[in-house]
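Trainee: First the structure, then my questions, so here it is.
The values are calculated or read from the model by the stated rules, or taken from the named source; none is laboratory data. Nothing here was measured: the structure is a model prediction, and the numbers come from that model. Neighbour counts run over all protein chains shown; Cβ positions are idealised from the backbone, glycine included. All accessible areas refer to the heavy atoms of the entire protein, side chains included, with ligands and DNA or RNA removed. Shrake-Rupley method; radii C 1.70, N 1.55, O 1.52, S 1.80 Å.
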Amino acid sequence: SLLVRRDGVDPQLAALAARHAQSHIGMAHRLATNAEARDRRARTLDIVLGLHRMAEALVAAAGLLEIAKSDAEAITQERDSEERDAALRALGIEPGGTIPAALRAQLKALDEDQKRRATRSLRDGIDRILVDVLSLFRDILLVQLGVPGEPVNGDLLDRVSEAASRSSAAQTLATMDAIAVARRRIDSNVPPVLALEAMLVGAVRPVSRSAVSS
């Protein structure tokens, strides 16, 4: 309702964004108003749903990391540009104007702060991806257990149901645990690609022989 009322978003798109963001208003706003953000989320889930062999986990981890980097860069570039422009205005410098030597140290400090924040932004981007992947396996688990309820990823229900048929509820719970472990590892500064690889090994869902033959 807020997205429709405040931002003029189409009601159907607003409802979809709210579900995908799991009611996180900031992320819902971004998904509702940014097609590239929606595309990155869709590619994330497509990569995970397409995992059928162990060897694919390494490639998938690199793919998820690249999506996280793109997402983090999109956020930080917009924010950093606005922040730098605001700093220049506060110092009385017109955009594109010459920066006096006496003020360069202040802007250098800002640049260094932004670089440090970019590192954190990448970890946040990876965590957003993992939250989306967790929502996917939560939906898969609900289907496996026959629990009624509105799925987060209702737009992928056919693929969710198909993935549910290729594993057990116990396997899905184990994968959800692996996602939680990956989030903790990345927050503890484990190299993201290693944490993602370890997690995705548990997300592999082999295709049955009958499905391959058909």
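Trainee: For the chain, with only Lys/Arg (+1) and Asp/Glu (-1) charged at the beta-carbon, what is the dipole magnitude about the Cα centre, in debye rounded to 20?
Mentor: With Lys and Arg at +1 and Asp and Glu at -1, about 420 debye.
Trainee: Pop out the carbon and sulfur fraction of the accessible area of region 127-214 as a percent, whole number, probe 1.4 Å.
Mentor: Carbon and sulfur: 58 percent of the exposed surface of region 127-214.
Trainee: Which of 12, 178, 165 sits farthest toward the positive end of the charge dipole of the chain, with +1 on the Cβ of Lys and Arg and -1 on the Cβ of Asp and Glu?
Mentor: Of the options given, the answer is 178.
Trainee: If you don't mind, another one. With each pseudo-label sitting 7 Å past Cα toward Cβ, what's the residue 82-residue 62 distance in nm, one decimal?
Mentor: 3.5 nm
Trainee: Determine the share of region 1-56's accessible area contributed by carbon and sulfur atoms, expressed in whole percent, with a 1.4 angstrom probe.
Mentor: Answer for region 1-56: carbon and sulfur cover 54 percent of the accessible area.
Trainee: Residue 187 versus residue 33, label points 7 Å from Cα toward the beta carbon: distance in nm?
Mentor: That separation, rounded to one decimal, is 2.8 nm.
Trainee: Separate question: On average, how much accessible surface per residue is there in the chain, in Å², for a 1.4 Å probe, leaving out ligands, DNA and RNA?
Mentor: 56 Å²
Trainee: In deg cm²/dmol, rounded to 500, what helix-only [θ] at 222 nm does the chain give when every DSSP H run of at least 4 residues adds -39500 (n - 2.57) and the total is split over its residues?
Mentor: Theoretical 222 nm ellipticity from helices: -25000 deg cm²/dmol.
Trainee: Here's a follow-up. Multiplying the sequence separation of residue 42 and residue 198 by 0.36 nm and subtracting their Cα-Cα distance, what value in nm do you get?
Mentor: 54.0 nm
Trainee: Taking each full run of DSSP H in the chain as one helix, which ones are at least 15 Å long along their axis (Cα atoms) and have mean Kyte-Doolittle hydropathy of at least 0.5?
Mentor: Membrane-span-like by this criterion, though nothing is claimed about a membrane: none.
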